[in-house]
Amino acid sequence: MGSGSLKISVHFGGGAEILFDNLKQHDLELPLDNGTWNLKRLIAWIRDNKMKSKQELFVKDDSVRPGILVLVNDTDWDLLGQTDYELCDGDQVHFISTLHGG
Amino acid sequence: MCSTGGDDGETLLNPKPPLPEKGTLCRKCKTSKAQVILQIKDAYCKECLIALCNHKFRAILGKSRIFGNEQKSVLVAFSGSASSLALLKLLSDAVAAGPSHRRIMACPKIIYIDEGALLGMSAEERLTKCKEILEVTAGFGFPVYAVPLNVQDSSPVDITNYEIHGNTDDKLKSLFESVSDTTSKLDLLNRLRCNVLSSCAQQLKTSLVMLADNSTSVAVKILSGVSLGKGASISLETGFSDSRHSDVTFLRPLRDFTSKEATIFSIFSGCPKSVFVPSLLTMSKMDSSIQRLTETFIVNLQNEFPSTVSTVYRTGEKFCSTPSNQPCAFCLGPLDTVHKPCSALEATDFSRELSTGKKPESSCGSCDCKNKLRSTLVQTLCYSCRLIVCSVDNPELLPSTVLENAREAQSFSKMKSQIEEFLISEGE
């Protein structure tokens, strides 16, 4: 049983925003329950709740599609355990596509 | 494998090593907590990453000796992407640096090519994009120009005065609509972009153009170039400098930066957020074109084997171009279509003859076309440009500069064959 919610801010950049109604910033309130909110769960949640189509352009298996950078509070997710990182209240998560740039 | 490294083959086959522990310190200053990790094991904090990128950028330009003691004008091709922003920021900081910090004596001008006509964007949408581009580039303090992608030469104008003229877009749209496949469309688009940039550089009295190609896009270009028959010009299309266009040299100072490095730099150094400009590749299916397929292949492989991009890139650096007497009328690269015995071209033509069962009727050799303009045009083109031109239904829609170059080349070789017997050949 949980009370309250986990408030985080998700930002999309580098073109990824076109998959999310062209909205770059999404402020989310995730329900606190018995499960832990890690990035793996967040990505699946985004795929199921924020994407009507073209999920394969954002998600691959349990993670993001190769070519999409993930930063949490200005830190590379590779330094935070990637999908195992557990979200904290107030976290700023950035998903940035680096595909067809230049 | 012919490399100086040693165990490069093994590195490619080893999968990703385990991620570093949380709280790892920056490998350079060893005091701050690392915020980004590059190339598997190099962890840096924000300040050290910025310093590293600045140092690398200035070293590449300094080593090339392109910028001396006098200010040189340089046109920066800006597409709105994070790499373009990184290039602008790096150049801007290098120009403003003190003499003891390897200042680069450059006078940058920014140019944005409006390709909205190709994607059916409305005039309003295209002007909105221009506004977004201006918002993002204004802070750097350099003049910003805009030019529409066009078949005829257009003049670059100050981006605040940019206007859309519907009739000039029609020729461009007809040209692209007459191209049968996306692969050729993308190749054609790249050629047109280069020609537009070269023409704008000349009009703005600049002899240098900087492109924001990073190592990932260079690796994709190398591999897809091989698939598209561009062997003769890969080194020019992906090297640090490209002087095919007379009077204008194209530079790729970011080619040593991975896409992650360039993107993270643009974020950490406080650049404005990138502007997303739709292109032919946007939302396209993975198998819609060779370029897209190659990009997916390389990026996916890079995820599992982090030395993929650097291996392709380093192998591509070993390519070189053999100059020819006449440049290709389209890409101005070397002509690789002389039928030497045992050449790859001879083998390709032979296979085509065997599999289709007919000898090529026109001298084109690439298709069974009867179009007279096309068959004379292809004589003046390199192999990969022939493939593009053969996929265009109506070659009269091609840029006038290409058709002019072809006419000149034709009359030159006609004249040469007329006076051949009077020329002293190299053997004598």
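The values are calculated or read from the model by the stated rules, or taken from the named source; none is laboratory data. Bear in mind the structure is a predicted one, so any value in this text is a computation, not a measurement. Glycine gets a Cβ as well: all are built from the backbone with ideal geometry, and neighbour counts include every protein chain shown.
Looking across the range B:56-89, the residues that are assigned to a helix (DSSP H, G or I), touching a residue at least 24 places away in the same chain (Cβ under 8 Å) and away from chain A (no Cβ under 14 Å) come down to B:LYS56, B:PHE57, B:ARG58, B:ALA59, B:ILE60, B:LEU61, B:GLY62, B:SER64, B:LYS89.
Listed here are the residues, each with its yes/no results for (1) surrounded by fewer than 19 Cβ atoms within 10 Å (Cβ to Cβ); (2) under 26 Å from B:THR282 (Cα atoms).
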position: B:GLY68; (1), (2): yes, no
position: B:LYS72; (1), (2): yes, no
position: B:VAL76; (1), (2): no, yes
position: B:ALA82; (1), (2): no, yes
position: B:LEU85; (1), (2): no, yes
position: B:LEU91; (1), (2): no, no
position: B:VAL95; (1), (2): no, no
position: B:GLY98; (1), (2): yes, no
position: B:ALA106; (1), (2): no, no
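Return the residues of the range B:39-55 that are of a type in the set (D, E, K, R) and not in a strand (DSSP E or B); say none if nothing qualifies. Selection gives B:LYS41, B:LYS46, B:GLU47. Annotation: of all residues in the range B:192-218 being among the charged types (D, E, K, R) and closer than 25 Å to B:ASP256 by Cβ, the one that is farthest from the other protein chains (Cβ to nearest Cβ) is B:ARG193.
Against the condition more than 21 Å from the chain's Cα centre (by Cα) and not basic (Lys, Arg), how does B:GLY139 come out, does it pass?
On the way: more than 21 Å from the chain's Cα centre (by Cα): yes; not basic (Lys, Arg): yes.
Against the criterion (more than 21 Å from the chain's Cα centre (by Cα) and not basic (Lys, Arg)), B:GLY139 qualifies.
Considering only residues of the range B:210-225 that are under 11 Å from B:GLU237 (Cα atoms) and of a type in the set (Val, Ile, Thr), which is surrounded by the most Cβ atoms within 10 Å (Cβ to Cβ)? Once the filter is applied, the top-ranked residue is B:VAL218. Can B:GLY23 be described as modelled with pLDDT of 90 or more, within 11 Å of chain A (Cβ to nearest Cβ) and outside any helix (DSSP H, G or I)? No, not satisfied. What's the total number of residues in the range B:114-150 that are touching a Pro at 6+ places or on another chain (Cβ under 6 Å) and over 18 Å from B:PHE176 (Cβ atoms)? Number of matching residues: 3.
Return yes or no: is B:ARG374 surrounded by 15 or more Cβ atoms within 10 Å (Cβ to Cβ), modelled with pLDDT of 85 or more, within 28 Å of the chain's Cα centre (by Cα) and of a type outside the set (A, V, I, L, M, F, W, C)? Steps first, please.
On the way: surrounded by 15 or more Cβ atoms within 10 Å (Cβ to Cβ): yes; modelled with pLDDT of 85 or more: no; within 28 Å of the chain's Cα centre (by Cα): yes; of a type outside the set (A, V, I, L, M, F, W, C): yes.
Here the answer is no, as B:ARG374 does not meet what is asked.
For the list (1) within 16 Å of B:CYS385 (Cβ to Cβ); (2) modelled with pLDDT under 90, I need the number of the one condition that B:LEU186 fails. It is condition (2) that B:LEU186 fails.
Quick one: is A:SER9 surrounded by fewer than 18 Cβ atoms within 10 Å (Cβ to Cβ) and either touching a residue at least 12 places away in the same chain (Cβ under 8 Å) or more than 9 Å from every other protein chain (Cβ to nearest Cβ) (or both)? Judged against the criteria, A:SER9 is a match.
Would you call A:PHE20 free of Cβ contacts under 8 Å to residues at least 40 places away in the same chain, among the aromatic types (Phe, Trp, Tyr) and under 26 Å from B:LYS285 (Cβ atoms)? Yes, satisfied.
Can you spot a residue in the range B:199-218 that is touching an Asp or Glu at 6+ places or on another chain (Cβ under 7 Å), at pLDDT 90 or above and aliphatic (A, V, I, L, M)? Outline the logic, then answer.
Filtering the range B:199-218 down to residues touching an Asp or Glu at 6+ places or on another chain (Cβ under 7 Å) leaves B:199, B:202, B:207, B:215.
The next check asks that each one be at pLDDT 90 or above; those that pass are B:199, B:202, B:207, B:215.
Checking which are aliphatic (A, V, I, L, M) leaves us with none.
No, the range B:199-218 contains no residue that is touching an Asp or Glu at 6+ places or on another chain (Cβ under 7 Å), at pLDDT 90 or above and aliphatic (A, V, I, L, M).
Say we look at the range B:246-297 and pick out the residues that are more than 20 Å from B:ALA59 (Cα to Cα) and among the aromatic types (Phe, Trp, Tyr); which of these is surrounded by the most Cβ atoms within 10 Å (Cβ to Cβ)? Among those that are more than 20 Å from B:ALA59 (Cα to Cα) and among the aromatic types (Phe, Trp, Tyr), it is B:PHE276.
Taken together, the residues in the range A:43-82 that are of a type in the set (Asp, Glu) and either buried (at least 19 other Cβ atoms within 10 Å of the Cβ) or within 7 Å of chain B (Cβ to nearest Cβ) (or both) amount to 3. Only one of the numbered conditions (1) touching a residue at least 40 places away in the same chain (Cβ under 8 Å); (2) more than 10 Å from chain A (Cβ to nearest Cβ) is violated by B:VAL226, and that is (1).
Could you tell me whether any residue of the range A:19-28 is within 10 Å of another protein chain (Cβ to nearest Cβ) and under 27 Å from B:GLU304 (Cβ atoms)? Among the residues of the range A:19-28, at least one is within 10 Å of another protein chain (Cβ to nearest Cβ) and under 27 Å from B:GLU304 (Cβ atoms), which makes the answer yes.
Scanning the range B:258-284 for residues that are within 8 Å of another protein chain (Cβ to nearest Cβ) and on the phi > 0 side of the Ramachandran plot turns up just one, B:MET283. Here B:SER310 does not fit the description of being in a loop (DSSP other than H, G, I, E, B) and either of a type in the set (Ser, Thr, Tyr) or at positive phi (or both). When the range B:38-50 is filtered for residues that are more than 27 Å from the chain's Cα centre (by Cα), of a type in the set (A, V, I, L, M, F, W, C) and within 22 Å of B:SER310 (Cβ to Cβ), the ones remaining, listed by number, are B:ILE40, B:ALA43, B:CYS48.
More than 25 Å from B:CYS271 (Cα to Cα), away from every other protein chain (no Cβ under 14 Å) and surrounded by fewer than 20 Cβ atoms within 10 Å (Cβ to Cβ), is that true of A:ASN38? For A:ASN38, the condition - more than 25 Å from B:CYS271 (Cα to Cα), away from every other protein chain (no Cβ under 14 Å) and surrounded by fewer than 20 Cβ atoms within 10 Å (Cβ to Cβ) - is not met.
A search for C-beta distances below 8 Å between a residue of the range B:146-159 that is modelled with pLDDT of 90 or more and any residue that is of a type in the set (A, V, I, L, M) and assigned to a loop (DSSP other than H, G, I, E, B), counting only pairs 6+ apart in sequence or on different chains, returns B:PRO148/B:ILE164; B:PRO156/B:LEU204. The set of residues in the range B:293-340 being within 11 Å of another protein chain (Cβ to nearest Cβ), charged (D, E, K, R) and in contact with a helix residue (DSSP H, G or I) (Cβ under 8 Å, 6 or more places away or on another chain) consists of B:GLU295 alone. Reported count of residues in the range B:36-46, each being closer than 12 Å to B:PHE265 by Cβ and either surrounded by fewer than 20 Cβ atoms within 10 Å (Cβ to Cβ) or not aliphatic (A, V, I, L, M) (or both), is 3.
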